[in-house]
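All remarks here apply to the structure that follows.
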Amino acid sequence: MASSNLPVDRSFESGVLNGECPGAVLPPECLWKKKKNGFALIECPQRIPCNPCATSCPAGAVRPFADINDVPRVDYEKCTGCALCVAACPGLACFVVDLTYGEDLALVKLPYEMLPVPSAGDEVDCVDRTGGVAGRGSVVGVSEPLKDHTRVVSVSVKKDIVSDVRAIRTVN
Ligand code: SF4
Ligand code: SF4
């Protein structure tokens, strides 16, 4: 069989994305300052046959796919920060970040499918892409938009860790 001459992208071969991957990079300040409810980050850099992020978005903010294998791209102008994509993504790859939440605090809305389900007011460990603790956060709210046991947990965190926090761990 003839081998492809295309370069092989090994940037996510370890399975751990870094903050530089397409979809993880924060938009420019002039855009996020307008986003009082936040905007979506979609960390899904591989072509796979999947599209609930796009089909669930009520604002058309995930750019239309030419085919189902397309890599999702967010139109930040259209995104309302509603977090429906966070609840719909089977790969837990969608997040919403609100950098207008406070002077030093940001709000991160992330998917959560573990037990126990946290409650507003809980202090939690904020976990990075490697499973390491990036810092502490405070749960602001928990919703279940699709009523399918995937929760969307909103956590306030220090702004300087917002690009690292991708999960939470409840603490006793
Ligand atoms: S946060 Fe809401 S508006 Fe933004 S991409 Fe996700 S589903 Fe669409
Ligand atoms: S729904 Fe999630 S896993 Fe599927 S393409 Fe969209 S971001 Fe990737």
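For the residues VAL139, VAL133, a 1.4 Å probe over the protein chains yields an accessible-area ranking, largest first, of VAL133, VAL139. Between the amide H of LEU105 and those of LYS159, distances stay under 5 Å, these residues lying 5 or more places away or on another chain, with hydrogens modeled in the peptide plane.
Full extension of the chain between LEU92 and ASP160 yields a length gain of 22.3 nm, computed as 0.36 nm times the residue separation minus the alpha carbon distance.
Gain in length, GLU103 to LEU31, computed as 0.36 nm per residue apart minus the alpha-carbon separation, to one decimal in nm?
Values: separation 72, 0.36 × 72 = 25.92 nm, distance 1.70 nm.
Here the segment from GLU103 to LEU31 would lengthen by 24.2 nm.
Around the amide H of GLY141, modelled in the peptide plane, lie the amide H atoms of SER154, all under 5 Å away and 5 or more residues distant in sequence or on another chain.
Give the whole-number value, in cubic angstrom per residue, of the convex hull volume spanned by the C-alpha atoms of segment 29-170. Once divided by residue count, the hull of segment 29-170 is 105 Å³. For Cα pairs less than 8 Å apart in space and 6+ apart in sequence, what is the mean separation divided by the residue count of segment 29-170, i.e. the relative contact order in percent? Relative contact order comes out at 22 percent. Partners of LYS78 within straight-line reach, counting lysines whose Cα lies under 16 Å from its Cα and excluding those fewer than 8 residues away in the same chain: LYS33, LYS34, LYS35, LYS36.
For segment 29-170, the solvent-accessible area of protein heavy atoms averages 49 Å² per residue (probe radius 1.4 Å; ligands and nucleic acids excluded).
Report the FRET efficiency, 1/(1 + (r/R0)^6), for SER138 and ARG47, where r is their Cβ-Cβ distance and R0 is 35 Å, rounded to 0.05. It would help to have the intermediate numbers written out before the result.
Details: r = 37 Å, r/R0 = 1.06.
Once the sixth-power term is evaluated, E becomes 0.40.
The values are calculated or read from the model by the stated rules, or taken from the named source; none is laboratory data. Owing to the predicted nature of the structure, the values given are computational and were not obtained by experimental measurement. Here Cβ is always computed from backbone atoms with ideal geometry, including for glycine, and neighbour counts include all displayed protein chains. We work out accessible area using only protein heavy atoms, side chains counted, and drop any ligands, DNA or RNA first. Shrake-Rupley method; radii C 1.70, N 1.55, O 1.52, S 1.80 Å.
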